[in-house]
Amino acid sequence: MKKFHSTNLSGVKFLVTGGAGFIGSHIVDYLLAHGAFVRVLDNLSNGYHENISHHISNANFEFIEGDIRDYAVCENAVHEMQYISHQAALGSVPRSIENPILTNEVNIGGFLNMLTAAKNSKSLVKFIYAASSSTYGDSAVLPKVEGNEGIPLSPYAVTKAVNETYGDVFSKVYGFHATGLRYFNIFGPRQNPNNPYAAVIPIFCSAFLEGKRPTINGDGETSRDFTFVDNAVQANIKAMLSVGIEKHDVYNVACGDQVSLNEMIRELNKLSGAAIEAIYGPERKGDVKHSKASIEKIGNALGYTPTVTFAAGLKTVFEWYGNRNQVNSAKKE
């Protein structure tokens with residue numbers, strides 16, 4: 001992975017909540033590779049021990065199994081930390097529709113706990129949190145530009161919009177300036193295709209590796225600004241180490257492009273050498289039809305530039321799932 005910072009991170013203390021999860025564990029890998037001390041807080045409900053097990057013997061790594069819904073746990077995790085990358089959350093629009101109360105408890109209650117613990121910290125320099133492109137809601141304007149949001153279309157989107165409101169209020173009331181990163185469909189290694197709320201790319205990759213037809217919700221022309229995980233790591237590192245930001249702010253994290261699900265199927269056929277056609281089903285409730293981000297603001301403010309394109313990222317992740325399947329098959333024999 002390309003280096004995204006210029007300062008010496010040796011001994012600098014970072015907390016990554018949700019650090020055993022998909023995006024969080026990649027941030028942990030980057031920080032430890034560059035000599036930082038990293039504490040992970042995760043309740044392992046969506047994260048997996050295998051994502052961080054290779055760091056257990058590292059003296060610069062500490063793992064706390066705990067829930068952000070418990071304020072005392074958050075306060076303990078924040079203690080002596082200088083930077084926080086808050087990734088812990090309950091993702092998935094369908095899950096939020098099925099269980100809005102739990103989504104609210106984790107994404108709003110848990111977020112407020114973390115924000116308050118961070119605000120009360122004596123050592124903290126910067127608090128970065130995972131925001132979401134879902135906050136653009138029913139706005140049909142493309143590209144999506146910060147400050148031009150619509151009405152949320154799901155309970156999940158509501159929770160992420162509330163996070164941003166809390167961040168803004170804490171900035172104005174307490175002078176505590178958090179930074180939100182609006183992720184646009186982050187994908188990459190370690191996403192679990194077997195999770196009932198799995199994202200589309202791991203599901204499609206697994207289907208192609210098994211020679212099965214993937215199911216598309218809708219006509220396949222739904223498009224997303226699919227963003228490889230290295231780009232999300234870059235945004236977190238640059239946001240945490242940024243200087244001169246004197247208020248709460250939010251930034252799109254994306255590639256500034258859009259790819260339809262039908263285009264993805266064509267790419268996977270090329271990568272796999274197959275000729276698999278998708279099965280088309282009804283559209284899902286709460287889904288946005290098209291998404292494409294403007295990345296001008298984050299580029300100007302943080303020097304963010306995507307380093308991995310969709311095509312390159314899809315090739316990497318497809319090969320990763322293929323290798324993982326081979327390893328799992330060998331273990332069973």
Open item on the list: Taking the condition of being more than 21 Å from Phe184 (Cα to Cα) and either of a type in the set (Val, Ile, Thr) or touching a residue at least 12 places away in the same chain (Cβ under 8 Å) (or both), how many residues in the stretch 243-268 meet it?
Closed with: 4
Open item on the list: Just to verify a result, which residue in the stretch 251-278, among those that are surrounded by 15 or more Cβ atoms within 10 Å (Cβ to Cβ) and of a type in the set (S, T, N, Q), is farthest from Asn217 (Cα to Cα)?
Closed with: Asn252
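Among the residues of the stretch 172-192 satisfying the criterion of being touching a strand residue (DSSP E or B) at 6+ places or on another chain (Cβ under 6 Å) and open to solvent by 10 Å² or more (accessible area, probe 1.4 Å), which is nearest to Asn107 (Cα to Cα)?
Going residue by residue through the stretch 172-192, those that are touching a strand residue (DSSP E or B) at 6+ places or on another chain (Cβ under 6 Å) are 178-186, 188.
From what is left, the residues that are open to solvent by 10 Å² or more (accessible area, probe 1.4 Å) are 183, 185-186.
Numbers: Tyr183: 15, Asn185: 18, Ile186: 18 Å.
Among those that are touching a strand residue (DSSP E or B) at 6+ places or on another chain (Cβ under 6 Å) and open to solvent by 10 Å² or more (accessible area, probe 1.4 Å), it is Tyr183.
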Task: The listed residue being aliphatic (A, V, I, L, M) and either buried (at least 19 other Cβ atoms within 10 Å of the Cβ) or modelled with pLDDT of 95 or more (or both), out of Val169, Val141 - done: Val169
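Being open to solvent by less than 30 Å² (accessible area, probe 1.4 Å) and more than 19 Å from the chain's Cα centre (by Cα): is that true of Ser133 here? Don't jump to the end; show me each part of the working.
Working: open to solvent by less than 30 Å² (accessible area, probe 1.4 Å): yes; more than 19 Å from the chain's Cα centre (by Cα): no.
No, not satisfied.
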Task: Selected residue (criterion: farthest from Gly66 (Cα to Cα)) from residues of the stretch 3-23 that are in contact with a Gly (Cβ under 9 Å, 6 or more places away or on another chain) and in a strand (DSSP E or B) - done: Val16
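Any residue that is within 12 Å of Ser154 (Cβ to Cβ) and not aliphatic (A, V, I, L, M) - is there at least one of those in the stretch 105-127? If you could, list the steps in order and put the result at the bottom.
Quick first cut of the stretch 105-127, residues within 12 Å of Ser154 (Cβ to Cβ) only: 107.
Now restrict to residues that are not aliphatic (A, V, I, L, M): 107.
Yes, the conditions are met somewhere in the stretch 105-127.
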- [ ] Give the stretch 31-50 a look and list any residue that's farther than 15 Å from Asp67 by Cβ and either over 17 Å from the mean Cα position of the chain (by Cα) or open to solvent by less than 10 Å² (accessible area, probe 1.4 Å) (or both), or say none.
- [x] Leu31, Leu32, Ala33, His34, Gly35, Ala36, Phe37, Val38, Arg39, His49, Glu50
Task: Cβ-Cβ under 7 Å pairs, at least 6 apart or on other chains, the stretch 88-99 side on the phi > 0 side of the Ramachandran plot and in contact (Cβ under 8 Å) with a residue 24 or more places away in the chain, far side of a type outside the set (Val, Ile, Thr) and open to solvent by 40 Å² or more (accessible area, probe 1.4 Å) - done: Ser92/Tyr197
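In the stretch 194-243, which residue that is open to solvent by 40 Å² or more (accessible area, probe 1.4 Å) and over 21 Å from Ala275 (Cβ atoms) is nearest to the chain's Cα centre (by Cα)? Can you show your working first?
Here is the first cut: in the stretch 194-243, the ones open to solvent by 40 Å² or more (accessible area, probe 1.4 Å) are 194, 196-197, 199-200, 203, 209-213, 215, 217, 219, 221, 238, 241, 243.
In the following step, the residues that additionally are over 21 Å from Ala275 (Cβ atoms) were identified as 194, 196-197, 199, 217, 238, 241, 243.
Working: Asn194: 18, Pro196: 18, Tyr197: 14, Ala199: 11, Asn217: 22, Lys238: 15, Leu241: 18, Val243: 23 Å.
Top of the filtered list is Ala199.
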- [ ] Would you confirm whether any residue within the stretch 176-196 is assigned to a helix (DSSP H, G or I) and either of a type in the set (Lys, Arg) or at pLDDT 95 or above (or both)?
- [x] no
Open item on the list: I need the full set of residues from the stretch 284-318 which are aliphatic (A, V, I, L, M) and either over 16 Å from the mean Cα position of the chain (by Cα) or outside any loop (DSSP other than H, G, I, E, B) (or both), in order please.
Closed with: Val288, Ala293, Ile295, Ile298, Ala301, Leu302, Ala311, Ala312, Leu314, Val317
Open item on the list: Can you tell me which residue is nearest to Lys122 (Cα to Cα) among those in the stretch 60-101 that are crowded, with 19+ Cβ neighbours inside 10 Å and of a type in the set (Val, Ile, Thr)?
Closed with: Val78
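Given the residues Ser10, Ser53, Ser57, which is the only one that is of a type in the set (Ser, Thr, Tyr), under 24 Å from Asn195 (Cβ atoms), open to solvent by 30 Å² or more (accessible area, probe 1.4 Å) and without any contact (Cβ under 8 Å) to a residue 60 or more places away in the chain? Let's see the steps before the verdict.
Numbers: Ser10 fails: under 24 Å from Asn195 (Cβ atoms); Ser57 fails: under 24 Å from Asn195 (Cβ atoms).
Exactly one of Ser10, Ser53, Ser57 is of a type in the set (Ser, Thr, Tyr), under 24 Å from Asn195 (Cβ atoms), open to solvent by 30 Å² or more (accessible area, probe 1.4 Å) and without any contact (Cβ under 8 Å) to a residue 60 or more places away in the chain, namely Ser53.
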TODO: Please work out which residue is farthest from Val250 (Cα to Cα), limiting yourself to the stretch 123-138 and to residues that are modelled with pLDDT under 95 and out of contact with any Asp or Glu (no Cβ under 9 Å at 6 or more places or on another chain).
DONE: Asp138
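The values are calculated or read from the model by the stated rules, or taken from the named source; none is laboratory data. All values reported here derive from a predicted model rather than from experimental measurement. For neighbour counting, all protein chains shown are included, and Cβ atoms are generated from backbone atoms with ideal geometry for every residue, glycine included. Quick note on the areas: whole protein, heavy atoms, side chains included, nothing else; ligands and nucleic acids left out. Shrake-Rupley method; radii C 1.70, N 1.55, O 1.52, S 1.80 Å.
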